[in-house]
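The values are calculated or read from the model by the stated rules, or taken from the named source; none is laboratory data. All of these numbers come straight from a predicted model, not from anything done at the bench. Here the Cβ is made from the backbone with ideal geometry for all residues, glycine too, and neighbour counts use every protein chain on show.
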Amino acid sequence: FADMMKHGLTEMDVGILKYVSDHEGFSGILKERYSDFVVHEINKQGKIVHLDDLSIPADSEEGAETEQQPNDCDVLTEEQKKQLGELQLFKNKEGNVSIEVKDDTKEKRTLVHKAIKTQFPGLETKTEEKEGHKFIVAYHAAGKKALAVSTKAPRKHFWPKNRGSYCHFALYKENKDTMDAINVLSKFLRLRPNMFSYMGTKDKRAITVQEIAVLKITAERLAHLNKCLMNLKLGNFCYKNHPLKLGELQGNHFTVVISRNISGTDEQVHQAMGSLKQTGFINYYGMQRFGTTAVPTQQVGRAILRNDWNQVVDLILKPRPGAEKEYLVRCREEWAKTQDPEAALKKLPNKRCVEGQLLRGLSMYGKKNIVTAFGLIPRNNRLMYVHSYQSVVWNTMVSRRIEAFGLKAVEGDLVLRGTTAHVLTAEEAESHSIHDIVMPLPGYDVIYPSHHIGEGYRELLSADGLDLDNMRHKVKDYSLAGAYRRVIIRPTDVSWEVIHYDDPRISLVHSDFEKLENKPAPVFKKDGKYRALRMEFSLPPSTYATMAIREVLKLDTSIKKQTQLNTVWFN
């Protein structure tokens, strides 16, 4: 915590400076618990995605010869189920469970094999003979090397023609990001992660519900995972003929609790929330866009765009202030001392981090071929750096635009007509509001406002050693086309209440999972010891809920400032 307070970024560092409303702000703690931040995806039909049904679709067993038979559950004893459950939960990765088949018939053995694989996804089975007795041995897929699994290809499963090829389901997760959740499901189902599709990734430090699709895996197999998954739940299964695509969602619905005795009066709270509902907030890129380390991602992005590859390497690998894992500290120290990528790489137990991937590239291609070496970092990670730089420029220029012209459309502003930007005349500006105005992210395929803010882009990039008229890069991946982004976003479905409670440990939001478990909703007391604000709102894709919350509280949402608030409260 002390480290974050010293070295973390603040909103001012990334151009987040202005507010829409002039109401008086108040203090409170954001994301004190991950259950204080709940996100429900809004699908492309405009429906909020909930986990409220764990049942299996009626057609899931029709003709599927690999699914559980009615008497499968009776094949295994409770003790065997307990042992298999422990094996499945990675408590005994290299071990196995042996089940003697006393009624030695092929039909009985087949039934046991099926029961294990159906009820305990992630386990493999084989038949062994010991001292004249036959056993079915179950083992974890992760331990297959130790058990020398047969290389025989698995039998193809039957899939009914009238069933959609993709099983869609609601994924409920707690304190886990989307890719981590997908990797867990992949491991249990023995699938490649790219068999899953989704419309967007969701926050880690939150409770989130989103739609996922997977190719030719039955709802029954997915539902069985609910017995063994931690902080994940699957439900609302249905079959469709198509996967999901990134960006198809209409947005997200947020339920957010600002806790620990908010300082504002009820009147202040209602004024702030009323402004959010009526006017909205500045559509800044939030702090998540810029990383949490002492070297902000936009600095690396700027160096990439300037073709300063030595600085790119230096920024990623040099020793830096702040708390880091010990092996990263040793790796950076080794690099600073020797500039030897192989020696520095040996200090890393996990070579898949950005530092490890860059060092591996330098080791393979040499320090004179940094561009190729840098290419070993996954493309999305590399593009994150340049997009981060674009985002800082956008934030900064929007702050200047609000400072100069306030919350009205003026001559020279940009609006979208379809996907094309149009410069407003003075007469046209009279018939437009601030909610129509867009600002460009810098690139070679956008236009800029014709008032002085447009020239401000050129000056800002020039100060960073970049030319606004030459945004094409020698490396195609880093050529920035640019894009347009609305200056002000007005949330929909806005509601709020001030709540009082006595127990700081209780969850203040009744989650989908708690409702499924028939757990009682939280009880609030008018004279409770603590006072919190619970708000709900919906936002379109690529907007940041933290920026809406910032507008309400008039408070810096950076980790650095929130850590300071937490520290003051606990002290």
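Considering only residues that are of a type in the set (A, V, I, L, M, F, W, C), closer than 28 Å to SER507 by Cβ and assigned to a helix (DSSP H, G or I), look in the stretch 153-202 and name the one that is farthest from the chain's Cα centre (by Cα). Going through the qualifying residues, I end up with PHE188. Is it the case that THR372 is within 30 Å of TRP394 (Cα to Cα), not aliphatic (A, V, I, L, M) and not in a helix (DSSP H, G or I)? When the stated conditions are applied, THR372 does not pass them. Kindly indicate whether ARG401 is surrounded by fewer than 22 Cβ atoms within 10 Å (Cβ to Cβ), at pLDDT 95 or above, of a type in the set (Lys, Arg) and under 15 Å from VAL438 (Cβ atoms). No.
For (1) more than 25 Å from the chain's Cα centre (by Cα); (2) surrounded by fewer than 22 Cβ atoms within 10 Å (Cβ to Cβ), each residue gets a yes or a no:
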| position | (1), (2) |
| --- | --- |
| ASN241 | yes, yes |
| LEU249 | no, yes |
| GLY264 | yes, no |
| MET273 | yes, yes |
| GLN288 | no, yes |
| TRP309 | yes, yes |
| PRO319 | yes, yes |
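Check ARG486 against each of (1) at pLDDT below 95; (2) under 30 Å from the mean Cα position of the chain (by Cα) and name the one condition it does not meet. So ARG486 meets the others, but not (1). Let me confirm something: among LYS176, LYS145, which residue is among the basic types (Lys, Arg) and at pLDDT 85 or above? Of the residues listed, the single one that is among the basic types (Lys, Arg) and at pLDDT 85 or above is LYS176.
Within the stretch 447-463, the set of residues being surrounded by fewer than 17 Cβ atoms within 10 Å (Cβ to Cβ) and not in a helix (DSSP H, G or I) comprises ILE447, SER450. Within the stretch 464-483, the set of residues being outside any strand (DSSP E or B), under 29 Å from the mean Cα position of the chain (by Cα) and over 13 Å from VAL386 (Cα atoms) is empty. Cβ-Cβ contacts under 6 Å between residues 6 or more apart (or on different chains), taken from a first residue in the stretch 169-192 that is touching a residue at least 24 places away in the same chain (Cβ under 8 Å) to a second residue that is among the charged types (D, E, K, R) and in a strand (DSSP E or B), are listed as TYR172/LYS233; ALA181/LYS173.
Have a look at PRO296, PRO321 and point out the one that is out of contact with any strand residue (DSSP E or B) (no Cβ under 9 Å at 6 or more places or on another chain), over 25 Å from ILE29 (Cα atoms) and outside the structural domain of PHE537 (by the TED database). The match here is PRO321. For the stretch 16-55, taking the residues that are modelled with pLDDT under 95, part of a loop (DSSP other than H, G, I, E, B) and touching a strand residue (DSSP E or B) at 6+ places or on another chain (Cβ under 6 Å), the one that is surrounded by the most Cβ atoms within 10 Å (Cβ to Cβ) is identified as GLY28.
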